[in-house]
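Input: a single structure, listed below in structure tokens.
Read-outs: derived from the displayed coordinates by stated rules, not from any lab. Every value quoted in this text rests on a predicted model; they were computed, and no experiment measured them. Cβ sites come from the backbone with ideal geometry, for glycine too, and all protein chains shown count toward neighbours.
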Amino acid sequence: MPCTVICGGFWGDEGKGKIISYLALKEPLDVCVRTGSVNAAHTIWYKGNRYALHMVPGGFVNGKCRLLISAGSNVEVKQFLEEVTLTNVKNRIGIDSQASIIEEKHSEQDKASAHLKGLGTTGRGVGPAIEERVRRTAKLAKDMPELKPYLTDAATETNKAIDTGKNVLLEGTQGLLLSLFHGTYPYVTGRDTSASAICSEAGVGPTKVDNVLVVLKAFITRVGTGPLPGEISKEEAQKRGWFETAAGTGRDRRSAPFNFELAKKAVMINGATQIALTKLDCVYSACQGAKTFDELSSEAKQFISEVEKQTRTSVALIGTGPDALDLIDRRK
Ligand code: IMP
Ligand code: MG
């Protein structure tokens, strides 16, 4: 590892949760830092259970991993406490004292705004909570008595871990094309979602990062409004086995075929060192459950080599099914 950033390359829902859980189970992961907020849900299958996590880092599947929520995050207290109980991580999770708080009023403002509704936001209040933070009137984690047992300096913990050679994962949320700066504005989320921004939220400088793993799905989905090149109908998506609903809000996800130009942009802006390509089995059904590259069909192999050629980046991990271990690991 030692310090790896995981980020989405499209409009979120690329399968970051699955990749994070695979890495956390396979490697001695010491620290996993979650950035972003409750608008994102990371789906993780673990011991036969499905978790859709909005706050707890996906690295929780590794029982020895210290879990942190970054200073740049927005914490919804009730959701956080519920997930801590659900995942049983009370003794190993910390929140940066300077993380800001999403309150009920932010969700109400999100849902009441015709403009935000038009963008198809998740309604979780993240945009209004960020607005409040920018106005410098937000409550911070250190202002909340319920969070007292969890408060820490997450940036210092993370940097100390990196400096002493520990394995650290910085977990991004959403995808590059939902970035406030680099995405399809105004149909974007309220923050930058690129690898640099993930580092900034966590308080880790660019010289400390060894790997940037960009997660791309073998087809593209998006929830909410905004452009989606090559979009196919819901009926066509169902026929192809690409139809999905959002883990967080239950909304239908729109879908489109893989797009090389968008993949190149995601690799460029994130400074990707490697690609994780998920859901290959949804496009090439013969690949389902494959654990080695040799098992893949020739069409699937050709697609992967085209991705590598066009992005000039190696496809290191390939998802072939929903379980964390349905995966081809080509890292040396
Ligand atoms: P907001 O982040 O709730 O303000 O929503 C802004 C846009 O980002 C909407 O199109 C949402 O559907 C989208 N969005 C926010 N979070 C996620 C996510 O985790 N996955 C996919 N789309 C998301
Ligand atoms: Mg998601």
3J(HN,Hα) from dihedral phi, region 187-204, Karplus parametrisation 6.51/-1.76/1.60, rounded to Hz, x for glycine, proline: 8, 9, 8, x, 8, 6, 10, 6, 4, 4, 6, 4, 4, 4, 4, 7, x, 10
Mind listing the phi-derived Karplus ³J(HN,Hα) values for region 119-132, rounded to whole Hz, using 6.51, -1.76 and 1.60 with θ = phi - 60°, and x for any glycine or proline? 7, x, 5, 6, x, 7, x, 5, x, x, 5, 5, 4, 5
Give me H42, H115, H106 sorted ascending by neighbouring Cβ count inside 10 Å, so fewest comes first. H115, H106, H42
Other-chain or far-sequence residues with amide H under 5 Å of R66's (modelled H): V31, C32
Output needed: percent of Cα pairs per 5 Å distance bin for region 38-96, bins running from 0 to the one holding the longest distance. 4, 19, 32, 30, 13, 2, 0
Tell me, rounded to the nearest percent, the portion of alpha carbon pairs in region 76-147 spaced more than 21 Å apart. 33
Given the options L68, L169, L116, state which has the largest fluctuation in a GNM of the chain using a 10 Å cut-off (strictly under) for Cα springs. L116
Quick shape summary for region 124-202, equivalent ellipsoid via Cα gyration tensor, semi-axes whole Å in descending order, reads 25, 21, 9
Out of residues 5 or more away from I220 or on other chains, whose amide H comes under 5 Å of its own, with H placed 1.01 Å from N in the peptide plane? A256, F258
Among D294, D281, D143, D252, which comes first, second and so on when ranked by fewest other beta-carbon atoms within 10 Å? D294, D143, D252, D281
Nonlocal amide H pairs with I102, under 5 Å, H built at 1.01 Å: V75, E76, V77
Tell me, what HN-Hα J-couplings in whole Hz come from the Karplus equation 6.51 cos²θ - 1.76 cosθ + 1.60 at θ = phi - 60° for each residue of region 13-27, using x for Gly and Pro? 6, 7, x, 4, x, 5, 5, 4, 5, 4, 4, 5, 7, 8, 10
P(r) for the chain: what percent of alpha-carbon pairs falls in each 10 Å bin, starting at zero? 6, 28, 37, 23, 6, 0
Taking the Cα atoms only, what angle lies between the long axis of helix 77-87 and the longest principal axis of the chain, rounded to 10 degrees? 60
One would report the Cα pair-distance distribution of region 235-324, bin width 10 Å, in %, as 15, 42, 37, 6
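Where does the chain land at 222 nm, in deg cm²/dmol rounded to the nearest 500, when only DSSP H runs of n ≥ 4 count, each adding -39500 (n - 2.57), divided by all residues?
Calculated at 222 nm, the ellipticity per residue is -8500 deg cm²/dmol.
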Order of E231, E171 from fewest to most other C-beta atoms within 10 Å? E231, E171
Mind jotting down the distance between the C-alpha centroids of region 276-332 and region 99-154, whole Å? 38
Compute the Cα gyration tensor for region 168-301, then decide on rounded, prolate or oblate, letting a ≥ b ≥ c be the square roots of its eigenvalues: rounded whenever a/c is under 1.5, prolate when a/b is larger than b/c in the other cases, and oblate in all that remain. oblate
